[in-house]
């Protein structure tokens, strides 16, 4: 006889939708059993656009971008914000970033194509990625991007060769691993010594990359980049990274007479996925990070560089929700209640990948307490297809709608067609109007790349 698996014992929290607004889009309001986003009833959105569906509060996105821009410029005037498109990318999003006077970084030729389609100024585009293909390097240079963040000697050589052939000089900054293990999930630590990203300070690789790049034609080394990871709550990690980077930068000035014009400190500020999360604010981040930069410039008598900050998740995560329709509710006595929805790991892989946690509620019962513990599961052929595990939730039935909060970052970008599931559409709400900015996929989309003949 098999033994039932042991489950974490979780009790209902009896919270209502109104208790969850801390992690919701800024325009979300709850009045009785009616939940609105920018004044639009969520039930109307599900009726008009179907489910599964990503929905974003445009004003929330703009507020986050402007807060970053203004807070950092207040503390350090020579600063700019570079939105990390990997968090959420579509034409409508890129247009907002441009309108808010921010830069954008792209990590693939596809993200560059989206930026170009949005009319994004190429002089405000940074090219990221640890293994840019030759085609991507050529596309970036031909487009006239502002800067490459370089990760390898091979990449630097390819940029030099192609830029020289085109008769241009391409600006680059060198990605450096300062050896900082940020307090976050191992999969999203990016600056520890065991990382595929950048050049290590301790083993001399970062200095070797600088010396090599300075010898090549067609490239201008403008400075350095570091990014310690994502979903970071402990701001002292940034101070430690900045101190290490400025120590290295001062060493490079003394050894090679090289002074960085640019210091890109990356992003990674954490956000609240659950009501118990307590991340720092953008203002606190700006004050502590720029304070460390000021202190280091003073200590080393180092010329103040232009700094860039690369937020992504903290711009869009809480601006977005995902709406689903319940297909069935199955209770296994003594083990679990499974609430099955019309989406799953194809539109939110983060739970399966990182064990991510979310807050959720039943739209039609928003005024009721969350008195049930369940797994909100997807429709796919995979036992790990869970969107929210051990979720406090209102009792629900087939046909009800579930709202999962905090899904604005990395869910759409990491979506897949597993089981040939079509990916959800994307809706923006603004000024009381819901508009579709990315349509739902169709079966024709799934077949569009299939070149096999019926013969």
For the stretch 398-454 the number of residues that are closer than 30 Å to residue 369 by Cβ and touching a strand residue (DSSP E or B) at 6+ places or on another chain (Cβ under 6 Å) is 13
Pairs returned, first residue in the stretch 438-455 that is outside the structural domain of residue 346 (by TED's automatic domain parsing), second residue that is assigned to a helix (DSSP H, G or I) and modelled with pLDDT of 95 or more, beta-carbon separation under 6 angstrom, 6 or more apart or interchain, are 446/420
Pairs returned, first residue in the stretch 261-280 that is outside the structural domain of residue 125 (by TED's automatic domain parsing) and touching a residue at least 24 places away in the same chain (Cβ under 8 Å), second residue that is in a loop (DSSP other than H, G, I, E, B) and buried (at least 18 other Cβ atoms within 10 Å of the Cβ), beta-carbon separation under 6 angstrom, 6 or more apart or interchain, are none
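Condition first: without any contact (Cβ under 8 Å) to a residue 24 or more places away in the chain and either assigned to a strand (DSSP E or B) or more than 16 Å from residue 326 (Cβ to Cβ) (or both). Can you find one or more residues in the stretch 386-404 that meet it?
Applying the first criterion (without any contact (Cβ under 8 Å) to a residue 24 or more places away in the chain) to the stretch 386-404 yields none.
The answer is no; no qualifying residue exists.
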For the stretch 63-118, the count of residues that are touching a helix residue (DSSP H, G or I) at 6+ places or on another chain (Cβ under 7 Å) and either closer than 23 Å to residue 436 by Cβ or part of a strand (DSSP E or B) (or both) equals 25
Taking the stretch 274-293 and keeping residues part of a helix (DSSP H, G or I) and surrounded by 14 or more Cβ atoms within 10 Å (Cβ to Cβ) leaves 282, 283, 285, 286, 287, 288, 289, 290, 291, 292, 293
Residue hits (the stretch 297-341; over 23 Å from the mean Cα position of the chain (by Cα), over 21 Å from residue 378 (Cα atoms) and crowded, with 20+ Cβ neighbours inside 10 Å) are 305
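Check 168, 176 and return the single one that is assigned by TED's automatic domain parsing to the domain that holds residue 264, part of a loop (DSSP other than H, G, I, E, B) and either buried (at least 18 other Cβ atoms within 10 Å of the Cβ) or at pLDDT 95 or above (or both). Steps first, answer last, please.
Details: 176 fails: part of a loop (DSSP other than H, G, I, E, B).
The conditions single out 168.
The values are calculated or read from the model by the stated rules, or taken from the named source; none is laboratory data. Note that the coordinates shown come from a computational prediction; the quantities given were computed from them, not determined experimentally. Quick reminder, even Gly has a Cβ in these numbers, built from the backbone with ideal geometry, and neighbours come from all protein chains shown.
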